[in-house]
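Data first, discussion second: the structure below is written as structure tokens.
Nothing in this text is a laboratory measurement; each read-out follows from the coordinates by a stated rule. Predicted model only: the values in this text are computed from it and were never measured. Every residue, glycine as well, gets a Cβ built from its backbone with ideal geometry; the counts of neighbours run over all protein chains shown.
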Amino acid sequence: MKRIITATVRNRSGVLNRVTSLLQRRQFNIESISVGRTETENMSKMTFAFEVDDFPKLEQVTKQLNKQIDVLKVSDISDKAIVASELALIKIVSNSQLLGEIQGIIEPFRASIIDVSKDSLALQVTGKPEKVEALIELLHPYGIIELARTGLTAFVRGQQPNTQDRNIQSLF
């Protein structure tokens, strides 16, 4: 079962290494990871996606992550209403004769051409991982030269007051 975990952490050197090392020791294979600064200075949010069959093991890891000194909050948002997205850059083989055909393929995905050269096109697409996967699958026949994906980033939908969030902000 796919699980999505977010962790709010202090933006310090070594935090990512400590968190991923803990997951590695518990034999979690991270399918996707994204990390970036948040709206609060000196804080970052990490989003991890992985397959887990052992729910008690996931609860144990969540508790251990919460004990890490620079980890301020850990949430399993897998079963909640979330807003989630990722970015993919896709370079494909192309020429001037294929340009119109490729534009017709990418338009329903709201993808955009971000670079054109004599023999290739670079595309950008954002959205749910399923959308990104679908576009990649359609572009395979053209020849994918290079593919780079950011990994999933997500948060819970709506405005849900959480006293723990307010406590985190008061730390800075």
- Message: Sorting check: for 13-22, 51-60, which peptide has the highest mean count of neighbouring beta carbons within 10 Å, and how do the rest follow?
- Response: 13-22, 51-60
- Positive minus negative residues near Phe50 (Lys, Arg vs Asp, Glu; Cβ under 13 Å): -1
- Task: Determine the relative contact order of the stretch 20-131: mean sequence separation of Cα pairs under 8 Å and six or more apart, normalised by residue count, in whole percent.
- Result: 19 percent
- the stretch 85-149: spread of alpha-carbon positions along the three principal axes, whole Å, largest first, is 31, 21, 20
- Message: Sort 112-120, 38-46 by packing, meaning the average of other beta carbons within 10 Å per residue, with the highest value first.
- Response: 38-46, 112-120
- Net charge, Leu121 excluded, C-beta distance under 14 Å - Lys, Arg +1, Asp, Glu -1: -3
- Taking 0.36 nm per intervening residue step and subtracting the Cα-Cα distance, what contour gain separates Ile82 from Glu107 on full extension? 6.5 nm
- Item | Residues of type lysines that Lys67 reaches as a straight line, Cα spacing below 28 Å, ignoring anything fewer than 8 places off in the same chain | Lys2, Lys45, Lys57, Lys80
- Cα-centre dipole for the chain with unit charges at Cβ (Lys and Arg positive, Asp and Glu negative), debye to 20: 820 debye
- Message: For Rg and Dmax of the Cα atoms in Å, pick the label among [x] 19.1, 58; [y] 15.1, 49; [z] 15.3, 44 that corresponds to the value derived from the coordinates.
- Response: [x]
